[in-house]
Amino acid sequence: MSFPTARNVRELQANHDGKHKPKIIRTILKQLKKDIKKAIKSGKTIAQIKVPDTPLYKECLLEVNHYLFTMGYTVKPMYPDLTYIQWEKKGEQ
């Protein structure tokens, strides 16, 4: 068995990360849904997402931010691993 090259290691890591991204994104969105419901019950119109400070989680957070923006939320990234999201109360548009 030969020792893997750096390129091979990067390719393996990319494949590994790619398999886990959908699960991480679902986990972030699931937790955010709970946080939004909690904020609404408290009369707030803001919530935050904080993820581990790793490249994979930060990449997933960018995708979550884009999704939330397309769903009508105001998204305020506070790099590298935190995002605030905001929404308008019903009738404030």
Item to check | In segment 41-59, the residues that are surrounded by 14 or more Cβ atoms within 10 Å (Cβ to Cβ), modelled with pLDDT of 90 or more and part of a helix (DSSP H, G or I) | outcome: none
Checklist outcome for this item: Taking first residues from segment 23-36 that are outside any helix (DSSP H, G or I) and second residues anywhere that are at pLDDT 95 or above and open to solvent by less than 50 Å² (accessible area, probe 1.4 Å), the pairs with Cβ under 6 Å that are 6 or more apart or on different chains are none
Checklist outcome for this item: Among the residues of segment 60-82, the number that are surrounded by 11 or more Cβ atoms within 10 Å (Cβ to Cβ), farther than 17 Å from P22 by Cβ and among the hydroxyl-bearing types (S, T, Y) is 2
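The values are calculated or read from the model by the stated rules, or taken from the named source; none is laboratory data. As the structure is a computational prediction, the values presented were derived from the model and not from experiment. All Cβ positions, even for glycine, are placed from backbone atoms using ideal geometry, and neighbour counts span all protein chains on display. With ligands, DNA and RNA removed, areas are computed over all heavy atoms of the protein, side chains included. Shrake-Rupley method; radii C 1.70, N 1.55, O 1.52, S 1.80 Å.
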